[in-house]
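Taking it in order: structure first as C-alpha cells, then the write-up.
The values are calculated or read from the model by the stated rules, or taken from the named source; none is laboratory data. All values reported here derive from a predicted model rather than from experimental measurement. As a convention, Cβ positions derive from the backbone with ideal geometry for all residues, glycine included, and neighbour counts pool all protein chains shown. Areas reflect the complete protein model, heavy atoms only, side chains present, ligands, DNA and RNA absent. Shrake-Rupley method; radii C 1.70, N 1.55, O 1.52, S 1.80 Å.
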Amino acid sequence: MKQTKIEVTNDRYRLGYHLMPASGWMNDPNGFSYYNGYYHLFYQYYPYAAEWGPMHWGHARSKDLIHWETLPVALVPTRPQDGCFSGSAVAFDDRLWLIYTGNHVIDKEKDINRQDQNLAYSADGIRFEKYDGNPILAEAPSDNNPADFRDPKVWQEDDGFRMVVGSRDKDGLGRVLLYSSKDLKQWDYVGAIAGAESVEHEGFMWECPDFFRLNGQDVLLLSPQGIEATDEKFINQHNTGYFVGNYLEDEKRFEHGEFVELDNGHDLYATQTMVTPDGRRVMVAWMNAWDSPMTESADGWCGAITLPRELTIRNNHLYQSPVAEVRSLRKAELVNRNLADSEDLVLGRHAEFRLDLDDLPEGKIIEVSDGEDNGFSISADRGGRHLVLVRSVDPENKRYAELGEADEKLSLHVFIDSSSAEIFVNDGEVTFTERIYWRKDPTLSVSGKSGHIQAFELSADANRY
C-alpha cells in the first residue's frame, strides 16, 4: 500500500529562516558538505507522519548557508521497516558520496536491530544511487554491540579517507571507532580511539561523532546518551559536547581532557560540521531534543536545524558564532543606540538583537515575552558570571552556564524566529538554544543596565520547497 506524505495543517510555528522539513519529521543533520557550487545539508526525515519513523534522508542545498532550497528525498530504506540512519558526505572524484548507517530490524517486538555502514553517490548532487557493493562495513568489531554501530563521519586526509563511527561496547560504554580507506569502499579498522570511563559521567552510547583539528588541537564532538545529570549540568535527556586534546598517531589513541557541554539550552542535539571553501569550520545541529515538547508536531511537521555556527577554539574551549552570512537576513534596523534606564522594545517574530553591557550585571538581565506565557529570561548572580535561563512555559526547568574568569563585560546576541530563540553570550563563549512557540510579537525588556542595543527585523522567507 502506497503511503501519502503528511501535510502541514497550520503555519503558526513555521520558521522564517531556519531549515525545516516541508512536512513530516526531521531530526539529525547529515551529510553537511560543499559540492558543485552549493552547500548541501541532508537530515533524518520521515515524510509520512510528524513523528520519528523508518528514517529517510531529506535534502536541501544553499548558495550561502542561509537560504535553503529543499530537493527530492536522497535516500529511502530498502525495506519499509528499516532505516537510512545518520551519516556524512564527501565530494570526491566529481561525485558527491553519502556514507550512512543502515538500520536493519531483526525482530521489532523484541527491539532487536543490526547496523552497518553503506555508500551512495550522485553526479549531479540531486539524484543518488546506492552502491552495489553495500555494505562497506558489514559489522561492528566483535567487542561491540551490533545494534549500536552508527553515524559515520568521513573526511579526506592526506591521500585517503578516515571515518569515525559512534558505538557502544559490550560492557555498555560509549566509544568512537576509527577506520581508514583509500577509496571510500574498502575500509580498515584502526581501533577504538576514545571511550567512556563510566556511564554516569560519559554515557552508554556515543552518537553522531565528529573528529577534526582546529587551531592546532584535535576536537571530538559527539552526543553521548545516558550521562547522569547534576544540579546544573547535563540536564537534558541526552547531551551534546566535546573533548579537546591530541590524537596520538603512533598509539592510535585520542588523549583528551574532560567532557564539556556544547550548548546550555534545552534544544540542541546531534551536531555535524564541515569546512567551507574559505576555510571556516561550520557546525549545525538538530534544534530540538528528545525530551522537548515538540509542539509543532500537532501541525503536520516537526524539527528544525540551528543557524550555521562558525567554531573557533580558545583556551581549550569551543566558541560558536553565527556565520557572517546571517547578515543577509536583515531587512530593517529597529534600533541602534545606548540603553535608557529602562528599555522595552517590541520585536517581530523574526528578529535579531545585540545587547552590549558595560559590566557584568547581577539580577535579571533581560526578559523576552509574547505576553501569553511564551518567552524566556536570563539572570546572573555570583558576580555576574553565573547565568540562569528560565522559560515561561516551565519555569522550574532552568538551564545554567558559567562565564570565564576573564569576562568583565556581558554581550547577548539573540536570534528570534517563529518558534525558536538562539542566544550567543560573549561572542559564543556560551550558547542557549531554545524552541519557544511565540503566539504574538515578543517584547524585549531590559531594566537598569548601562550599555548599547542594536536590533533588526529579519527576513521570513529563507526556505524554498
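Annotation: per residue accessible area for the chain equals 41 Å², rounded to a whole number [probe 1.4 Å, protein chains only]. Site pair E51 and D188 shows an inter-label distance of 4.7 nm when each label is modelled 7 Å from Cα along Cα→Cβ. Using all pairs of distinct alpha-carbon atoms, the Kirkwood hydrodynamic radius of the range 215-323 works out to 15.4 angstrom.
For the chain, what does the relative contact order come out to in percent, with C-alpha contacts under 8 Å and a separation of six or more? Relative CO of the chain lands at 14 percent. Taking T230, T273, T4, T312 and ordering them by how much accessible surface each has at a 1.4 Å probe, largest first, produces T4, T230, T312, T273. Here r is the Cβ-Cβ distance between V275 and T9 and R0 is 45 Å; the resulting FRET efficiency, rounded to 0.05, is 0.70.
Label sites at D132 and H201, each approximated as a point 7 angstrom past Cα along Cα to Cβ, lie 5.1 nm apart.
Taking 10 °C and 1.306 mPa s as conditions, the range 1-152 diffuses translationally at an estimated 98 µm²/s according to Stokes-Einstein applied to its Kirkwood radius (Cα pairs). The relative contact order of the range 1-114, computed from alpha carbon pairs under 8 Å that lie at least 6 residues apart in sequence, is 19 percent.
Once the Cβ-Cβ distance of D359 and E232 is raised to the sixth power relative to R0 = 22 Å, the FRET efficiency obtained is 0.40.
Indicate the gyration tensor shape class of the range 1-68 (rounded, prolate or oblate), computed on the Cα atoms with a ≥ b ≥ c the square roots of the eigenvalues: a/c under 1.5 is rounded; otherwise a/b larger than b/c is prolate and the rest oblate.
oblate
A convex hull fitted around the alpha carbon atoms of the chain yields 146 Å³ per residue. Only Cα sites of the range 108-167 enter the Debye sum here, all with the same form factor; the resulting log10 I(q)/I(0) across q = 0.13, 0.19, 0.23 1/Å is -0.46, -0.87, -1.07, listed in q order.
Computing FRET efficiency as 1/(1 + (r/R0)^6) for E372 and S342, where r is the C-beta to C-beta distance and R0 is 25 Å, gives about 0.65.
Assuming a ≥ b ≥ c are the square roots of the Cα gyration tensor eigenvalues, decide whether the range 359-434 counts as rounded (a/c under 1.5), prolate (otherwise, with a/b larger than b/c) or oblate. Taking the square roots of the gyration eigenvalues as a ≥ b ≥ c, the range 359-434 is prolate.
Note the full-extension length gain between N316 and D111 as 0.36 nm times their separation in residues minus their Cα-Cα distance, in nm to one decimal. Working it through step by step, the gained length comes to 69.8 nm. A simple spin-label model places pseudo-atoms 7 Å from Cα toward Cβ; at D441 and V388 they are separated by 3.2 nm. Once all protein chains are placed together, S33 keeps about 10 Å² accessible to a 1.4 angstrom probe.
Taking every DSSP helix (H) stretch of at least 4 residues in the chain, weighting each as -39,500 (n - 2.57) and dividing the sum by the residue count yields a mean residue ellipticity at 222 nm of 0 deg cm²/dmol.
Using only Cα atoms, what is the ratio of the radius of gyration of the range 160-265 to 2.2 N^0.38 Å?
1.08
Surface composition of the chain: carbon plus sulfur atoms contribute 44% of the solvent-accessible area (1.4 Å probe, protein chains only, all chains present). In terms of Cα atoms, the Rg and Dmax of the range 415-464 work out to 13.0, 42 Å.
Normalised by the number of residues in the range 42-167, the average gap of Cα pairs under 8 Å and 6 or more apart makes the relative contact order 18 percent.
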